[in-house]
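Asks: Okay, handing you the structure first.
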There are 4 protein chains.
Amino acid sequence: MGDLLGVAVLGAGHMGADHIRRLDRVVSGARVAAVADPDAGRAEEAVAGLDAVTVHTEAEAALDAPGVEAVLIASPGPAHQEALLAAFARGLPVLCEKPMVPDTAGALCVLEAEARLGRRLAQIGFMRRYDAEYRRLKALLDDGRLGRPLMLHCVHRNVSSPPDFTSAMLVDSSVSHEIDAARWLLGHELTSVSVLRPRPSSGAPQGLLDPQFVLFETADGALVDVEVFVNCGFGYQVRCEAVCEAGSARIGDDHGMLVTARGAAGAEVPQDYLVRFADAYDREVQTWVDATRRGRVTGPSVWDGYAASAVAEAGVRSLGSGARVAVELAARPGLYAAGR
Amino acid sequence: MGDLLGVAVLGAGHMGADHIRRLDRVVSGARVAAVADPDAGRAEEAVAGLDAVTVHTEAEAALDAPGVEAVLIASPGPAHQEALLAAFARGLPVLCEKPMVPDTAGALCVLEAEARLGRRLAQIGFMRRYDAEYRRLKALLDDGRLGRPLMLHCVHRNVSSPPDFTSAMLVDSSVSHEIDAARWLLGHELTSVSVLRPRPSSGAPQGLLDPQFVLFETADGALVDVEVFVNCGFGYQVRCEAVCEAGSARIGDDHGMLVTARGAAGAEVPQDYLVRFADAYDREVQTWVDATRRGRVTGPSVWDGYAASAVAEAGVRSLGSGARVAVELAARPGLYAAGR
Amino acid sequence: MGDLLGVAVLGAGHMGADHIRRLDRVVSGARVAAVADPDAGRAEEAVAGLDAVTVHTEAEAALDAPGVEAVLIASPGPAHQEALLAAFARGLPVLCEKPMVPDTAGALCVLEAEARLGRRLAQIGFMRRYDAEYRRLKALLDDGRLGRPLMLHCVHRNVSSPPDFTSAMLVDSSVSHEIDAARWLLGHELTSVSVLRPRPSSGAPQGLLDPQFVLFETADGALVDVEVFVNCGFGYQVRCEAVCEAGSARIGDDHGMLVTARGAAGAEVPQDYLVRFADAYDREVQTWVDATRRGRVTGPSVWDGYAASAVAEAGVRSLGSGARVAVELAARPGLYAAGR
Amino acid sequence: MGDLLGVAVLGAGHMGADHIRRLDRVVSGARVAAVADPDAGRAEEAVAGLDAVTVHTEAEAALDAPGVEAVLIASPGPAHQEALLAAFARGLPVLCEKPMVPDTAGALCVLEAEARLGRRLAQIGFMRRYDAEYRRLKALLDDGRLGRPLMLHCVHRNVSSPPDFTSAMLVDSSVSHEIDAARWLLGHELTSVSVLRPRPSSGAPQGLLDPQFVLFETADGALVDVEVFVNCGFGYQVRCEAVCEAGSARIGDDHGMLVTARGAAGAEVPQDYLVRFADAYDREVQTWVDATRRGRVTGPSVWDGYAASAVAEAGVRSLGSGARVAVELAARPGLYAAGR
């Protein structure tokens, strides 16, 4: 392991700045070589104190900057497609934050572009696959001890949603994590989705359908239900229970510290996903850096990003109609056969 | 509180014999005065050692036996309707095991008979309302601290089903408990039901659709989901989480004793509802005895029994068609207005 | 099981009134026949609404009242010795609240009196032996699955102590429960005790040594530690972990209902032993009534009461000296050989 | 943050090899520049695949190797003193695994040597201070919400002890972690220690006093008890409950994944400290690398290492005598005043 991997980071907002810090301070083997953000001041601020890094307002300029060997895309979703294609054109490995591309047509376009290259360059940022609890659940399901999984009961709660959150974003932004997790845990594509709408919470902004209750079916008949409640007010909670033929396993009920005071015993509930999944983000980026420096690409693929997009889009349609919506996927290119 | 209440117990099978024991040994203020069972030997065996009790093969003979002041119906469901009407005809207070009457038409007939009497005589055996955890959850929801309930997530698992269990019985026998609990906890009637069918577990008998996933909507827009899995193989589990506007509360995850041994920390899971709900049965019967001796009738009413039946029957229809089925209830007689 | 057992209740204070209610309303097979309390008004109030009960200001008068077949002693501790002896003199079965007799000399006197009778008449009120969790722990230890017990870690916390609580009462009143539980769970007498005194909590009354940390050794070398903290301020908690050669088991961490709200997940902590051990009290009295009506005496014996007293008295001495105090017991009369 | 910090690792055994991997693959900003181990083959194996690293059989040769700017001592305890002094002589920053020095005299010698330098160079490897749960407990105690701590109840269990483990090593090796944790959490020196010896487990090697129960008092009157049981057979468990004036807080009861199967609900218990504290080790080393590259020394100091040694040595004495042993510490050099 010789020199450090030079990474161009696209986007210097909340998530981009966190990844810059992570590349510089947490993970070994990498360095930030270039940063691009339309807001040059924000980019300058994010790299304060770093050596040998160039700052740009255009993404492509960052890709072409000296020392850039790989790209981390943390810009807003609508910019992802162009950035991915630009990275592909240069043969640069990419770690792309989710959603890979906000619309399924664009996702398919990226999928086809990588397929034409004939080799994988992109890893998609489904970081739950790197979370310690999810990995233990995946390992347990894979070893067959509990028999085949029949149902997943999932809960996804946020304290409150950002100002401009829409009813559709509960499905295609929040639930997209469960979509990928369900596909990964169960090893099958999701084939249908229904979105049920309980009466909205009075704690949700006017007009937002929150909570929602989303149901998926898999290709081999398993059922996945997801409560998504982004203005629950009391904490950030991600739970998943897999009900199998010979047992069930549940993650997400941890209490690292039990406090008893004033008539109550309990645990603090994390208020933010950056707290809950900090280790997962670290592990994700480190895995990527290490693989990249060895010339390999592992982890969630563009196919995974595409499939999540397609399922989410179907979910939004179900949200509108109230009916069950079948998910239709393009044929899976041979590049992704060995898959996940 | 002077003399003991003389009770006629109809049915001396598993449940009837347990209630005879309870009346004799657990609850105060009552005595078993008569027992009826078509199998006279079984009835004799159930009352061995008791004084002043007569044994009959006909239910009506037991109702007319000396010293009988009240009736506990623990015979098979198909016999309930006739027994209830016989008790009504004699003005005898009744505690009737669930299901009150297996079919909704019969349930409605009983409802109308009691309504014609103009006073309540019957209490229906929804014993979860007497379970300590359910009562705490009910009290919490009622005090308003967590805001309005939006969703109930329920789990109902048995180790294995009896030999002749049918797919419909998952809904109208097993889930009938959740039906009453949801109505009681949420304070609203259930207005629709959908039954989803994940692929059957290989641990279930051939042809049985097990597990099922049942969805209900309430009159004011709350959503109730129930996983029912009667051949789960690993234990008897009843859980209920109420998701409200300002918090959630969950019951059924108790571990009375945490055992750590051989690489695992954990709790024993009760294997039977008679273990899990023993206190609830005791409390139920005691409450009934006490109220009866004061000439009052409290607890779940015939209306509750009727409504459960109607919802279950709709559920069975949804199970057949795969579609959402609306629940239609008869007009509620004024007798039940103050209700639940 | 014919007529109801006529019980004389001595003492109509907090605990006596609760037992009167329990005999009348909760347990089957018994009735309150007489009540004695120096405060006749308090006694009258406690029996309001009961039939066929006489009220007395002298204990012996109650024992001699018509219909009295058994005695429940719930008067203050200093009155117990005389009441026990009076019951013995009349051959009446007794359930005596703990402490059996406050001083060890008096306890020994009662022990000898019963031994002279040559048959057991008294059951002592160590109700933890009837608690569901303790019984499960006892059964687990007895079945040998976890190997021999090596240590018990106990916690005994109260929200706050009564006004006139003394440092000695933490040992001889509060910890007396753990003393009996340890003897019962481990099946050996306690042979030494040490009381350590952490700095007192600022939440404790001036001058009260609270908390204390008490250590016991058993005859066969097991170690028992007890945190007793009677002004902990946050709840009533009783925990016990048995550490054995092949595993450990812990009771007392139940959460019947998990509530998540405002950044915290947790359970309500009961504030009172009457809440936590309500079922145990019921089961205790019922067991006693049933045994008594069959002419038998089971449950904790006078020997158990005596031994607890002796150990507690040694503990108070250790509290004074700071040193380890050996416990010395009188020879065990043959009457108690079959023992617990 | 420019070039990578060149680290000499002393010792290439189990722990040394793990730190070499960590410096190379997990933490950012550092590289392994030299390794020393008497067994040259073992050292070569540990650095296979690394660039620009030299291998030595003598510790001092590694300290003088090109590119060495800092030292990580992971050699056996008896070699620590000489290595620390050699690092001090060269002005090299050091991270030294615990025990800093096995005997208190040697520890004091190192303390004096650093004090003569007038600046801190060494950080001691008490990695629990970097564990997420311990940090949350520390933060909670420091913010004062629960009032002053009165007691710590600690549990330290291993599946089985290494072949040559002695009774003294339960105190000076295993409990040394609790010693440092207690000093750090409570913010006071430990002033006395008592070691109680329950009967040994039949699962422990012949002659080993296992388990032990260790009691400490702090300078301001708090009490610390530690169950140490290194052949418990069932798992690696580290628990700590802080009992304070207004509440208690407990860590170490995590269950990341709850599995329910075959009549039991439970969590897997980690079998090894490298699993349980993996993140803590990572965070520890990363913190050290970062501070070192900025020319600073933070974290546990030589004073901490010395104090732990002194308390442990007193504990071993109490183990021998059965009596309470007071801990005497040298005067604290001004260098450590600002302290922990």
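Asks: State, as an integer percentage, the relative contact order of chain A based on alpha-carbon contacts under 8 Å between residues 6 or more apart.
Replies: Numbers: 680 pairs, mean separation 65.1, N = 340.
19 percent.
Asks: Let's see if you can work this out: charge +1 on each Lys and Arg Cβ, -1 on each Asp and Glu Cβ, no other charges. What is the dipole magnitude of chain D about its Cα centre, in debye to the nearest 20? Walk me through the numbers on the way to the answer.
Replies: Numbers: 33 positive and 44 negative charges, 163 e Å.
The dipole magnitude comes to about 780 debye.
Asks: Give me the percent of the accessible area of the range A:113-154 that comes from carbon and sulfur atoms, probe 1.4 Å, all protein chains in place. Can you show the working numbers first?
Replies: Working: 770 of 1550 Å².
With neighbouring chains kept in place, the figure for the range A:113-154 is 49 percent.
Asks: Could you check the spin-label model distance between residue B:119 and residue D:331? Points 7 Å from the Cα along Cα→Cβ, value in nm.
Replies: 9.4 nm
Asks: List, by residue number, every residue in the range D:27-69 with a reduction of 30 Å² or greater in accessible area between the chain on its own and the complete protein assembly, 1.4 Å probe.
Replies: The answer is D:28, D:51 - residues whose exposure falls by at least 30 Å² when every protein chain is included.
Asks: Please list the non-local residues whose amide H lies under 5 Å from the amide H of residue D:94, H modeled 1.01 Å from N, same-chain partners needing a gap of 5 or more.
Replies: Placed amide hydrogens put D:71, D:122, D:123 under 5 Å from residue D:94.
Asks: If you build the convex hull over the alpha carbons only and average its shadow over all orientations, what do you get for chain A? Give it in nm² to one decimal. Show your work: numbers first, answer last.
Replies: Numbers: hull surface 76.1 nm².
About 19.0 nm², averaged over all directions.
Asks: Identify, among B:9, B:106, B:19, the residue whose Cα sits farthest towards the positive end of the charge dipole of the range B:1-113, taking +1 on the Cβ of Lys and Arg and -1 on the Cβ of Asp and Glu, with the dipole about the Cα centre.
Replies: B:19
Asks: Let me ask something else about it. Find the centroid of the Cα atoms in the range A:96-113 and in the range B:14-31, then give the distance between the two in whole Å.
Replies: Computed from Cα coordinates, the inter-centre distance equals 67 Å.
Asks: Between C and B, buried accessible area summed over both sides at probe 1.4 Å, in Å² to the nearest 100?
Replies: 3000 Å²
Asks: Every other copy gets compared here: list the nm distances from the residue B:144 label point (7 Å along Cα to Cβ) to its counterparts, shortest first, one decimal.
Replies: So the distances to the same position in the other copies read 3.7, 5.8, 6.1 nm.
Asks: I'd like to check one number: the per residue accessible area of chain D, probe 1.4 Å, reported in Å² as a whole number. Write down the numbers at each step before the final one.
Replies: On the way: 11920 Å² over 340 residues.
That works out to 35 Å² for each residue.
Asks: For residue D:9, which sequence-distant residues (separation of 5 or more, or a different chain) have an amide H within less than 5 Å of its own amide H, given hydrogens modelled in the peptide plane?
Replies: D:33, D:34, D:35, D:36, D:72
Asks: So the label point sits 7 Å from Cα along the Cα-to-Cβ vector; using that for residue C:188, what distances do you get to the other copies, in nanometres, sorted shortest first?
Replies: The answer, with the shortest distance listed first, is 3.4, 5.7, 6.2 nm.
Asks: What residues have an amide H closer than 5 Å to that of residue D:209, excluding those fewer than 5 places away on the same chain, when H is modeled at 1.01 Å from N in the peptide plane?
Replies: D:167
Asks: Continuing with this model, one more query. In nm, what does the list of distances from residue D:294 to its counterparts in the other copies look like, shortest first, when each label sits 7 Å along Cα to Cβ?
Replies: Going from nearest to farthest copy, the values are 3.3, 7.0, 7.5 nm.
Asks: If you don't mind, there's one more thing I want to ask. Report the charge-dipole magnitude of the range D:185-237 in Debye, nearest 20, computed about the Cα centre from +1 at each Lys and Arg Cβ and -1 at each Asp and Glu Cβ. List each step's numbers first, then the result.
Replies: Numbers: 2 positive and 6 negative charges, 63 e Å.
Result for the range D:185-237 is approximately 300 debye, rounded to the nearest 20.
Asks: Taking Rh as the Kirkwood radius computed over C-alpha pairs, what is the Stokes-Einstein D of the range C:54-131 at 25 °C in a medium of viscosity 0.890 mPa s, expressed in µm² per second?
Replies: Details: Rh = 12.9 Å.
Translational diffusion coefficient: 191 µm²/s.
Asks: With respect to the cross-link table entries C:98/C:138; A:138/B:138; D:98/D:138; B:98/B:138, which display a Cα-Cα separation exceeding 29 Å?
Replies: Numbers: C:98/C:138 21 Å; A:138/B:138 36 Å; D:98/D:138 21 Å; B:98/B:138 21 Å.
Pairs exceeding 29 Å: A:138/B:138.
Asks: List the residue from chain C whose beta-carbon is nearest to the axis that rotates chain C onto chain B, together with that distance in whole Å.
Replies: C:28, 2
Asks: If you count, for every residue in B:210-218, the Cβ atoms of partner chains within 10 Å of its Cβ, what is the mean? Spell out each step's value before the answer.
Replies: On the way: counts 1, 5, 1, 7, 0, 5, 0, 4, 2.
Across B:210-218, the average partner-chain Cβ count within 10 Å equals 3.
Asks: Separate question: So what J values fall out for the range D:76-85 if you push phi through Karplus, 6.51 cos²θ - 1.76 cosθ + 1.60 with θ = phi - 60°, rounded to Hz, Gly and Pro as x?
Replies: x, x, x, 8, 5, 4, 4, 5, 4, 5
The values are calculated or read from the model by the stated rules, or taken from the named source; none is laboratory data. All of these numbers come straight from a predicted model, not from anything done at the bench. Because the Cβ atoms are built from the backbone with ideal geometry, glycine has one as well, and the counts that use them run over all protein chains shown. Each accessible area value is taken on the protein alone, full model and side chains, heavy atoms only, with ligands, DNA and RNA left out. Shrake-Rupley method; radii C 1.70, N 1.55, O 1.52, S 1.80 Å.
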